[in-house]
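Notes to accompany the following structure.
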Amino acid sequence: MIKFLLNQELREEHSLDPNMTVLNYLREQVAKTGTKEGCASGDCGACTVVLGELDGDSIRYKSINACLTFVSALDGKQLITVEDLKHQGKLHKSQQAMVDKHGSQCGFCTPGIVMSLFALGKNNASPDKDEVLEALAGNLCRCTGYRPILDAAFAMYEDTADDQFTLREAATVERLKKLQSEQISELQHGNHQCHNPRTSDELAALLLQHPDARLLAGGTDLALEVTQFHRELDRLIYVGDIKEMAQAEVFEDRIELGAAAPLSKCYSALSKDYPDFGNLLHRFASLQIRNQGTLGGNIGNASPIGDAPPALIALNAQIVLRKGDQRRAMPLEQFFVDYKVTLLEESEFIEKVVVPRAPAADQFRAYKISKRLDDDISAVLGALNISVENDVVTDACIAFGGMAAIPKRASHCEKVLIGSAWNQATINKAMEALEQDFAPISDFRASREYRMLTARNLLQRYFIESQIVEVETRVTAYV
Ligand SMILES: Cc1cc2nc3c(=O)[nH]c(=O)nc-3n(C[C@H](O)[C@H](O)[C@H](O)COP(=O)(O)OP(=O)(O)OC[C@H]3O[C@@H](n4cnc5c(N)ncnc54)[C@H](O)[C@@H]3O)c2cc1C
Ligand code: FES
Ligand code: FES
């Protein structure tokens, strides 16, 4: 059984199909049809709803895509939909602003946009334009041209009165606390089953017992198997309730990222040491996907165009795998074997990723090349970590996504660089060496020629940027 609040109504669900998305639950089980299905694949945002999660004595509000979220993820949380915003006959400020600024025409996208605005209003007291754009980047509108929607985003802040969610937050927190359970919860429907363990030990035991189970984290990848490919997932284990695996902790010498940590949490842990990693995660899908997608899922799906793996490889990250009571750690680059093949054994799972903190001489840059700025998957991703001392390259760790069947290091290129003078002649040779490292394929994202040229140019760009930084440093020192 799972228990959650549907706004303020306590729901105790015993036999929901674990393959059911929150979108289908809302529309088909509880007749809340305000939440729309546009694409059913996380691209349009029409299905955006908000999850309220306990965060100590307050609630953290997260916009998510209902079309990619399986119902098991609702356990212990508050689900807020567009139907819940109007209160005592008055539209919520996020709705009223959309009316006042003419932010809606055909209206199909509007419930999703209102929910993204609602989450923005709950989380940010005075957003700037970039933050508003970030909140709305996962919501497509075919009609308005967006200007009126952006106007609405700012106009809703003119109403400073607390909404009903703030006024009763303390009471909702108490209700959510009562829903938190130390026990494994389960949903069963016919052949379909989902377990929600609360600890890494329970997860390890469940996987030994059910080696055939599929791990479900954010579901932003896995749910597509159901919604797009009409597969049935018989046994799922949901890792999102395992608190110890959802941490992102910064230590003196390392950053530890739990496999179930949402990407948005990893962003804040990594961006201080590695601003480019932060920027990269900023361009990862949409806010909705970053709120639910996890690092473990990004590595576990073993995609050759996943954003985090090349960047983590360039930072010499280690991955920690667990099977029963046994743990093993290895450099992340060794984890990927072939297209969608990894070293993960039966009953084994990714527990965490450990990223060393930056030594001063290292220069880390990550470049994502995709057709759109927001909500798009990379054609090529280059992550470069090159140390230069006294104009000589002392170390180089370079990895690319989109250039091979796996995220892969550019070892020939690195060999040319290490020990060489940091100048254009070396860069020219290193660019040539990339031809020995990669033989990319052509697909709908990019041709092989484009990918190869892009990889070479990213190396050139890194070199040019390093010169600019150097000039800036000298100017600053001189002043
Ligand atoms: C619209 C859209 C845009 C996207 N944009 C991007 C993008 O810009 N960049 C990008 O890299 N990806 C993108 N993705 C892909 C996806 O969102 C990411 O890969 C995400 O990190 C997956 O995480 P998740 O928690 O949702 O994984 P899930 O879907 O829950 O799981 C993915 C796979 O990993 C396995 N898994 C999960 N956790 C573990 C674990 N602890 N141990 C072992 N295996 C595990 C699952 O069993 C499953 O096979 C996008 C997806 C969509 C739908
Ligand atoms: S329906 Fe398009 S993102 Fe969910
Ligand atoms: S108002 Fe028509 S899609 Fe946005």
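Observations on the structure shown:
- When GLN78 is tested against (1) open to solvent by 10 Å² or more (accessible area, probe 1.4 Å); (2) more than 19 Å from PHE284 (Cα to Cα); (3) not charged (D, E, K, R), just one condition goes unmet, and that condition is (1).
- Within the range 43-52, the presence of at least one residue that is within 16 Å of ligand 3 (Cβ to nearest atom), surrounded by fewer than 21 Cβ atoms within 10 Å (Cβ to Cβ), within 25 Å of ALA285 (Cα to Cα) and assigned by TED's automatic domain parsing to the domain that holds GLN164 is confirmed.
- Breaking point among (1) open to solvent by less than 30 Å² (accessible area, probe 1.4 Å); (2) within 10 Å of ligand 1 (Cβ to nearest atom); (3) in contact (Cβ under 8 Å) with a residue 60 or more places away in the chain, for LEU315: (2)
- Residues of the range 424-441 satisfying the condition of being surrounded by fewer than 17 Cβ atoms within 10 Å (Cβ to Cβ) and of a type outside the set (Lys, Arg): GLN424, ALA425, ASN428, GLU432, GLU435, GLN436, ALA439, ILE441
- Taking the range 181-272 and the helices (runs of 4 or more DSSP H) fully enclosed by it, the elements with 3 or more residues that are within 19 Å of GLY324 (Cα to Cα) and touching a residue at least 60 places away in the same chain (Cβ under 8 Å) are at 200-209.
- Within the range 54-86, the set of residues being of a type in the set (Asp, Glu) and in contact (Cβ under 8 Å) with a residue 40 or more places away in the chain comprises ASP57, ASP75, GLU83, ASP84.
- Of HIS87, HIS102, all but one fail to be open to solvent by 10 Å² or more (accessible area, probe 1.4 Å), in contact with a helix residue (DSSP H, G or I) (Cβ under 7 Å, 6 or more places away or on another chain) and away from ligand 3 (no atom under 16 Å from the Cβ); the exception is HIS87.
- Within the range 1-20, being closer than 27 Å to ASP163 by Cβ and under 24 Å from the mean Cα position of the chain (by Cα) holds for one residue alone: PHE4.
- Taking residues in the range 105-117 that are over 12 Å from ILE149 (Cβ atoms), and partners anywhere that are assigned to a helix (DSSP H, G or I) and within 15 Å of ligand 2 (Cβ to nearest atom), the pairs with Cβ atoms closer than 7 Å and at least 6 places apart or on different chains are PRO111/VAL82; MET115/VAL82.
- Extreme residue, nearest to ligand 1 (Cβ to nearest atom), among residues of the range 254-290 that are surrounded by fewer than 20 Cβ atoms within 10 Å (Cβ to Cβ) and modelled with pLDDT of 95 or more: GLU256
- Filter result (within 14 Å of ligand 2 (Cβ to nearest atom) and not in a strand (DSSP E or B)) within the range 42-81: GLY42, ASP43, CYS44, GLY45, ALA46, CYS47, ALA66, CYS67, LEU68, THR69, THR81
The values are calculated or read from the model by the stated rules, or taken from the named source; none is laboratory data. Remember, predicted model here, so these are calculated numbers, not experimental data. Positions of Cβ are backbone-derived with ideal geometry, glycine not excepted, and every protein chain shown enters the neighbour counts. SASA here: full protein model, heavy atoms, side chains in, ligands and nucleic acids out. Shrake-Rupley method; radii C 1.70, N 1.55, O 1.52, S 1.80 Å.
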